[in-house]
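First the structure, in the form of structure tokens, and then the observations on it.
The values are calculated or read from the model by the stated rules, or taken from the named source; none is laboratory data. All of these numbers come straight from a predicted model, not from anything done at the bench. Neighbour counts are summed over all protein chains in view; Cβ atoms, including those assigned to glycine, are modelled from backbone coordinates with ideal geometry.
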Amino acid sequence: MTAARVSYDEAMEDFDPVFGIEVHVELNTKTKMFCGCANEFGAEPNTQVCPVCLGLPGSMPVTNEKAVESAIRLGLALGCSIRESSRFARKNYFYPDLAKDYQISQYDEPTCYEGSLDVVLDDGTVVEIGIERAHMEEDAGKNTHVGGSGGIQGASHSLVDYNRGGVPLVEIVTKPITGMGERTAEVARAYVATIRDIVRALGISDGRMDQGSVRADVNLSLRAKAPAGEDQDAVPFGKRSETKNVNSLRAIERAIHFEAGRQAALLSDGKPVVQETRHWHEDTEETTPGRSKEEAEDYRYFPEPDLLPVEPSREWVEELRGTIPEHPAKQRARLKDEWGFSDLEMRDVVAADAVPVLIATVEAGATPQAARKWWMGELARVANDQGVSLDELSVTPAEVAELQSLVDSGRINDKLARQALQGVLAGEGSPTAVVEARGLEVVSDDSALEKAVDEALAAQPDVLQKIQDGKVQAAGAIVGAVMKATRGQADAGRVREIILQRAGVEG
Amino acid sequence: MTTVDWTRKTAAQMAAALKAGEVTSVELTQAHLDRIAAVDGPVHAFLHLDPEGALETARKVDEDRAAGVELPALAGVPVAVKDVLVTEGLPTTAGSRILEGWIPPYDSTVSANLKAARMPILGKTNMDEFAMGSSTEHSGYGPTHNPWDLDRIPGGSGGGSAAALAAFEAPLAIGSDTGGSIRQPASVTATVGVKPTYGGVSRYGAIALASSLDQLGPCGRTVLDTAMLHEVMGGHDEKDATSLDEPVPACVDAAMQGATKDLTGVKVGVIKELSGSSDDGGEGYQAGVKQRFEESLERLKAMGAEIVEVSCPSFEYALAAYYLILPSEASSNLAKFDSVRFGLRVEKDTVEKTMLATRAEGFGDEAKRRIILGTYALSAGYYDAYYGSAQKVRTLIQRDFAAAFEQADVLVSPTTPTTPFKLGERLDDPLAMYLNDVATIPANLAGIPGMSLPSGLAPEDGLPVGFQILAPAHEDARLYRVGAALEASLTEEWGGALSAQAPELEVAG
């Protein structure tokens, strides 16, 4: 049964929303958080396991230093303070996918705490989101319920794959975010998109929401609007729902729309909102109740006695700080200015994930527009055909820049450049090498061009007459014939000049 | 056929005889297997034997020795392993029915160390379930009996390892000590047991009871034998994050030095609260235990040691703190026994019911008692009052030790307040059972090393009394020096090891 609800806009008219987001980022370290098993997506079930991540009796965890490094870098990118000493804790609960029946996480001593992140909305508005903490933990395995509808209810049995068990995660928790009003859904979406962009820019995660590398839980509550002239912050927060596993940017907006409408309908009816976790259904774009707060488990956290505290030296933290890339949204704004792109051009470049290759191509000497033309045109098409991302193509930004410089110097024209690019993509060498090997250079030797023009004019004497009669545009037919004769390697402008010279007309 | 009863020799003598070619490892191993077959029925020190594996190891050692291959010091000397240690291919239960039939697919670091030292592993010894107990009566497979008196407890949790030594079923054994599980069994069986400094021996592959207290250690019939095994077991292990990154202490050298009976310049501190000799700590101490302790102090003094009294006032709270920290950690460590991946499974129609039924059937009463205690102590709203306060006590105890070690090089006390009690006597009184560990628990809370060695038989019951020596963290060698000196002085009087005085066990058919 679908609960009664009002529209998002109506909900926003009557209530003041408060929200918070927990984002789980799966790190792309080579090995798992506490053992040496491979951390790779998509292997055969239970092939990336060992006594540690299977929780066999007697096994013990050892912290992956690379994961700590990634977590600290992420914390620094979120403006967090880095704790000098932080302990892991055990979060105790029974579940078949949790091999030890406790999860090693961080509780009262997260490594990264008290940060803030600027989120840039589509219209350029900048919103500062307070970050409460970013802490490390291990992922659980994955249950597959067999029979029935695929859920645990009605299943005949369940299978557990522990490959994901022990994969390193960083959980980023925001402070409660208030005052966003009807822009709440938009801000939530932009926040998660920013986190995704940051983890990609840091190179610590592939940031793929479709594969679960970035997952979000969305907390939302509504409170009454303060009477005009009174302080909204004086109104206490309402009871919140926590919608789990909202795993796409669109779904984040939709989930907030749904929850706001659902809660508003309840409150308007004088009914209470129950503090509970809720499940998001991608197909119906609705949430349904999970555990309520009353049934919530007591995780009995206590310091993990099998691990030493994480104690990064100040020197190391400062060294890592030096590796933090520019905030993606600010970088975009800066580049848009520097490159002179229109809003639309920049948005397309961002959407195509082409910012990094464009930067590298411009650094290698190409103009921003030329770089954009190549990567968003010919190369985007090739990448799409091959089903790979731009940075996976077998052409480097430096080669693209080199190709463009060959065009700019007049050695080749655009058409020849596309042929040269095919050669580069086919592994025939650098653009210059391909141009030389394939003999693609523009024919700029006047005597060769003059010969070709004379032959063409001789073949079409009527055209020469037309030109001499003042129909200069008739020269196009001769240009075409010369281009054909030279297999496109002639400089069309020069050919035209020669034709006009021969006809005794000024160009 | 040899006429020598090799099972009566010390491990050091066995190692020397093997080297000299007076005996083969196969002969030694077979002699112990025969002894086990003859006496283990009533003693029940072993849960599982591996005659084929042990003899195979022995054969290879003999072959290599014959071929002139350089071998480790204890190569060919058999050893018994407490069932808490995961051994690849050998059943491992930690004394619990919930792990019945589990064959581990991997080796603990210590069992790998024993294999690298080329020591034949005779089998797995009995213990209280998950090392919870002081008598082995909480084993899921029936109690072990004390070879000195089969009606009495062999101590616990490592009663199997201690009894195997006392019954001459093995010359050496591995133990684990969370609150005294090596030292208390050593005390009541007239054997030697050492709990090393926390982190001195890798815990990887030791089934955890309370991770911040657990420490594996060596058990033997002499101080030197124990030192030799300690050096085989110990050392840094990258698989255990709490493992100390430092070399194994020079235990054997220290034992040799001690055997010269010169303790000049050594300051020995008597812990007032644990000595049984003062108004503060006299309660519950048996007269014969006090007497043997005092006599041992006189011997230390006679060898040149200076005896001082130290006070550790916070020890009063040690037992209470211990029984909050241990169950808390245990309740979490024992969660993994959920039937999903290994061990017992009592199949029900949902996974939740299956977990509940498996744990209800698989765990014994003491395990359940401690899981309940620990779950309660860690609960929201109680954590600070229980677990939090216990951690504060732990800090106070560490301070007491630090202050005491300012005044003395080693600290001493009786290992247990009494000689071994009768099986069944304290089974229904957990508190009385827990009190037995009052002198051993502080060392675990502070992470410092401790040893128990025999100091004689109590005149009133003729049963073994243990002498405990404690040293600062990392100073395990001091235990061996002082222990070997006291042992040398005592064995001179006894005309041999005290273990030789144990009554003859009836030999099976």
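Here is a list of conditions, (1) buried (at least 24 other Cβ atoms within 10 Å of the Cβ); (2) within 18 Å of the chain's Cα centre (by Cα); (3) assigned to a helix (DSSP H, G or I), and residue B:486 meets all of them except one; can you say which number that is? Evaluating residue B:486 over (1) buried (at least 24 other Cβ atoms within 10 Å of the Cβ); (2) within 18 Å of the chain's Cα centre (by Cα); (3) assigned to a helix (DSSP H, G or I) leaves (2) as the failure. Here A:98, A:117, A:74, A:56 are screened, and the one residue that is surrounded by 22 or more Cβ atoms within 10 Å (Cβ to Cβ) and more than 11 Å from chain B (Cβ to nearest Cβ) is A:74.
Within region A:59-71, restricting attention to residues that are under 14 Å from residue B:204 (Cβ atoms) and surrounded by 24 or more Cβ atoms within 10 Å (Cβ to Cβ), which residue is farthest from the other protein chains (Cβ to nearest Cβ)?
Taking region A:59-71 first, the residues under 14 Å from residue B:204 (Cβ atoms) are A:59-62.
Now restrict to residues that are surrounded by 24 or more Cβ atoms within 10 Å (Cβ to Cβ): A:59-60.
On the way: A:59: 7, A:60: 5 Å.
My answer is A:59.
Among the residues in region B:239-250, are any surrounded by fewer than 24 Cβ atoms within 10 Å (Cβ to Cβ), within 12 Å of another protein chain (Cβ to nearest Cβ) and among the acidic types (Asp, Glu)?
Here is the first cut: in region B:239-250, the ones surrounded by fewer than 24 Cβ atoms within 10 Å (Cβ to Cβ) are B:239-248, B:250.
Remaining after also requiring within 12 Å of another protein chain (Cβ to nearest Cβ): B:239-245.
Narrowing the set further to residues that are among the acidic types (Asp, Glu) leaves B:240, B:245.
Scanning region B:239-250 turns up at least one residue that is surrounded by fewer than 24 Cβ atoms within 10 Å (Cβ to Cβ), within 12 Å of another protein chain (Cβ to nearest Cβ) and among the acidic types (Asp, Glu).
Please indicate, with yes or no, whether at least one residue in region A:424-442 is buried (at least 18 other Cβ atoms within 10 Å of the Cβ), charged (D, E, K, R) and within 41 Å of the chain's Cα centre (by Cα). For region A:424-442, residues buried (at least 18 other Cβ atoms within 10 Å of the Cβ), charged (D, E, K, R) and within 41 Å of the chain's Cα centre (by Cα): absent.
On the basis of being within 14 Å of another protein chain (Cβ to nearest Cβ), over 18 Å from residue B:467 (Cα atoms) and either outside any loop (DSSP other than H, G, I, E, B) or at pLDDT below 95 (or both), does residue B:329 make the cut? Walk me through it before giving the result.
Numbers: within 14 Å of another protein chain (Cβ to nearest Cβ): yes; over 18 Å from residue B:467 (Cα atoms): yes; either outside any loop (DSSP other than H, G, I, E, B) or at pLDDT below 95 (or both): yes.
Considered against the rule, which asks whether it is within 14 Å of another protein chain (Cβ to nearest Cβ), over 18 Å from residue B:467 (Cα atoms) and either outside any loop (DSSP other than H, G, I, E, B) or at pLDDT below 95 (or both), residue B:329 comes out as yes.
Applying the set (1) touching a helix residue (DSSP H, G or I) at 6+ places or on another chain (Cβ under 6 Å); (2) surrounded by fewer than 24 Cβ atoms within 10 Å (Cβ to Cβ) to residue B:449 leaves exactly one unmet item: (2). Does residue B:36 count as within 13 Å of another protein chain (Cβ to nearest Cβ) and either closer than 30 Å to residue B:504 by Cα or at pLDDT 95 or above (or both)? Answer is no for this residue.
The single residue among B:357, B:390, B:402, B:408 that is within 30 Å of residue B:478 (Cβ to Cβ), of a type in the set (Gly, Ala, Ser) and within 14 Å of another protein chain (Cβ to nearest Cβ) turns out to be B:390. For region A:135-149, taking the residues that are more than 23 Å from the chain's Cα centre (by Cα) and in a loop (DSSP other than H, G, I, E, B), the one that is surrounded by the most Cβ atoms within 10 Å (Cβ to Cβ) is identified as A:141.
For region B:287-309, the criterion of being surrounded by fewer than 23 Cβ atoms within 10 Å (Cβ to Cβ), part of a loop (DSSP other than H, G, I, E, B), more than 26 Å from the chain's Cα centre (by Cα) and modelled with pLDDT of 95 or more is met by at least one residue. Only a single item in (1) in a helix (DSSP H, G or I); (2) touching a residue at least 24 places away in the same chain (Cβ under 8 Å); (3) farther than 28 Å from residue A:405 by Cβ is not met by residue A:318, and it is number (2). For region B:40-54, taking the residues that are part of a strand (DSSP E or B) and in contact with a helix residue (DSSP H, G or I) (Cβ under 9 Å, 6 or more places away or on another chain), the one that is surrounded by the fewest Cβ atoms within 10 Å (Cβ to Cβ) is identified as B:49. Only one entry in B:457, B:427 is farther than 20 Å from residue B:208 by Cα, touching a residue at least 24 places away in the same chain (Cβ under 8 Å) and crowded, with 19+ Cβ neighbours inside 10 Å, namely B:457. Of all residues in region B:55-112, which are over 17 Å from residue B:175 (Cα atoms), part of a helix (DSSP H, G or I) and either within 11 Å of another protein chain (Cβ to nearest Cβ) or touching a Cys at 6+ places or on another chain (Cβ under 6 Å) (or both)? Passing the criteria: B:98, B:99. Going through A:367, A:288 one at a time, which residue ends up being among the hydroxyl-bearing types (Ser, Thr, Tyr), closer than 30 Å to residue A:274 by Cβ and away from every other protein chain (no Cβ under 14 Å)? From the options A:367, A:288, the qualifying one is A:288. Residue A:453 falls short of the stated requirement of being modelled with pLDDT of 90 or more, surrounded by 20 or more Cβ atoms within 10 Å (Cβ to Cβ) and not basic (Lys, Arg). Scanning region B:124-143 for residues that are outside any loop (DSSP other than H, G, I, E, B) and on the phi > 0 side of the Ramachandran plot, we see that the one that is surrounded by the fewest Cβ atoms within 10 Å (Cβ to Cβ) is B:131.
If you take the residues of region B:458-483 that are of a type in the set (A, V, I, L, M) and in a strand (DSSP E or B), which of them is nearest to residue B:300 (Cα to Cα)? Don't jump to the end; show me each part of the working.
Start the filter on region B:458-483 by keeping residues that are of a type in the set (A, V, I, L, M), which leaves B:458, B:463, B:465, B:469-471, B:473, B:477, B:479, B:482.
Cutting the leftovers down to in a strand (DSSP E or B) gives us B:465, B:469-470.
Numbers: B:465: 17, B:469: 12, B:470: 15 Å.
So the residue we want is B:469.
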